[in-house]
1. Find the residue count for the range 378-401, including only residues that are under 24 Å from Gln296 (Cα atoms) and in contact with a Phe, Trp or Tyr (Cβ under 9 Å, 6 or more places away or on another chain).
2. Count, please, the residues in the range 381-397 that happen to be touching a helix residue (DSSP H, G or I) at 6+ places or on another chain (Cβ under 9 Å) and among the charged types (D, E, K, R).
3. Where in the range 395-488 are there strands (runs of 3 or more DSSP E), lying wholly inside it, with at least 1 residues that are in contact (Cβ under 8 Å) with a residue 60 or more places away in the chain, in contact with a His (Cβ under 7 Å, 6 or more places away or on another chain) and farther than 23 Å from Leu334 by Cβ?
4. Would you call Phe386 among the aromatic types (Phe, Trp, Tyr), crowded, with 22+ Cβ neighbours inside 10 Å and over 50 Å from the mean Cα position of the chain (by Cα)?
5. Condition first: under 15 Å from Arg317 (Cβ atoms) and among the small types (Gly, Ala, Ser). Now tell me which residues in the range 439-488 satisfy that.
6. Can you tell me which of Pro380, Pro344 is surrounded by fewer than 21 Cβ atoms within 10 Å (Cβ to Cβ), in the same structural domain as Leu273 (by TED's automatic domain parsing) and either on the phi > 0 side of the Ramachandran plot or not basic (Lys, Arg) (or both)?
Amino acid sequence: MADGGFPESGASPTAGLPRAEPEPRPPAQARPPLWRRMARLPLRLRALLGVPEQFGVLAYRTSHIDARLDGVEQIAAAMRGEIAAMHAQLHRLAEQQAVFHAAARPVPSRGEPDAGTGGIAELKREFAAQLAFSLHDMARTLLEDPARSWPEAREGLPRAELDQVRTEFARLADAHYDTKSRLIDHSATVAANLEELKALSGQTRDLANHLNDSLHTRLNTIENLRLSGLYLQMHDVLAALLRLRADLEAARERDQEPHAMAEAACPAPRDLLGDHLRRARQDFPRLFPLWEERLQATKDAFVATKVGNAAHAGDPRSEVFRSVVEIYARGRVLDVGCGVFGRPHYLSRYPAELIAGLDPLAPVETPDFEFVRGMQEYLPWSDGAFATVISATSLDHCLSLDRSLAEIRRVLAPDGRFLLWIDSVPGAPLFTPEAADFVPADRYLLFHFDTAWFEPMLDRWFEIADRVELFGLGFNRVMYCLQARATA
């Protein structure tokens, strides 16, 4: 039909409508006839029938947009859930920090790893990194190229809806960065608090150690002072008791004749030291230089002060040994190592004509008795020449302990007495100068005595008749009255 026919099948409902130029509306008196108006009615009905199809297209597109918006909302909900999980993780970290602050556990020693602090810090760093990477990639994908994430939204998605989606994801990205910043700040705060706690714990530990050391030092000082005072009191009491006993012995034997050997004794040459030194250098080639060094150190100490010497008057130990000498000394007396200050204090009331003394050092004060410069390993007197031999803190200055004891036993009468004073250091090693690894005890002595090994050694030549021990700090002073054993 050339004028107003139906369109072909499959064509748009409005495709066959005439597209004539609009005509001016005729005046009322010139309206078209009825048949003409009736002829146009089908065309108008046809146009009206095409309106629902247009509404159907719009409804399809609207449902398509709604579906895409639902997908966007699902993605946004997933991101909100992930952010909520991150907040929960952050809350758990805060609770762990509170637990650490409440526990205030000691910090490990230097050089030891701190598992708790390092583990939490590492967990926070890993969590923050994963959160940043995942959300940043997601936001970049959705914001920069939404069509790549939603291929089906390439067409038909209104601009306003896309802008709304971008705005939502921008808000989520801001929330993500805010959460990450808070997490970083929280992690730094936790690390700073833990470092401060570690420093405080170290200072507390150092202070506790210092107070502990100071307390022990003061307690040891108080204990030493208490023991020193107690020992001095004991020594004073013992000296007084022995003084009383010596006075009683002196009163009982005051009228007795001097020992018979006093008249028969022949004096020795005054200076034999050169000969004795040559013999000692030959007999003890390895040990002699060490002994000679210590002899010079002892000489320098004697020149510097008299205090501490066994011959020093007023010392409680010297008073005790003086009483021991006055109780047991009889007849002619030999003082081995008599010192350089004249007559020793422990022999101050003994007859000078019955005293002979030997020492390798030249006297500082002129002695009023027979004095010989020599060594105790080579006594220049005949066998059995003395009823009493004395050695007051001098035997440990010897070069050979065996030879010195043998010489003392040789010059002692068969019924004679050996009055000995030694300083005993508990735990001191046995004197073994022949050992390849031998080391002198100190700058003055080659060795120190210990009664644990010295008293069994004495059994070879003597037996103990009396024994007095004065306890002290670090070493004890032991005084013996030894009876000579019968020689084979």
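The values are calculated or read from the model by the stated rules, or taken from the named source; none is laboratory data. Source: prediction; values computed, not measured. Heads up, the Cβs are rebuilt from the backbone with ideal geometry, glycines too, and the neighbour counts pull from every protein chain shown.
1. Here is the first cut: in the range 378-401, the residues under 24 Å from Gln296 (Cα atoms) are 378-380, 390-401.
From what's left, in contact with a Phe, Trp or Tyr (Cβ under 9 Å, 6 or more places away or on another chain): 390-401.
Final tally of qualifying residues: 12.
2. The number of residues fulfilling the criteria is 1.
3. Working: elements: 412-424, 462-470, 476-484.
The strands (runs of 3 or more DSSP E) meeting that bar are 462-470.
4. On the way: among the aromatic types (Phe, Trp, Tyr): yes; crowded, with 22+ Cβ neighbours inside 10 Å: yes; over 50 Å from the mean Cα position of the chain (by Cα): yes.
It is true that Phe386 is among the aromatic types (Phe, Trp, Tyr), crowded, with 22+ Cβ neighbours inside 10 Å and over 50 Å from the mean Cα position of the chain (by Cα).
5. Those that are under 15 Å from Arg317 (Cβ atoms) and among the small types (Gly, Ala, Ser): Gly472, Gly474.
6. Details: Pro344 fails: surrounded by fewer than 21 Cβ atoms within 10 Å (Cβ to Cβ).
None of the others qualify; the one that does is Pro380.
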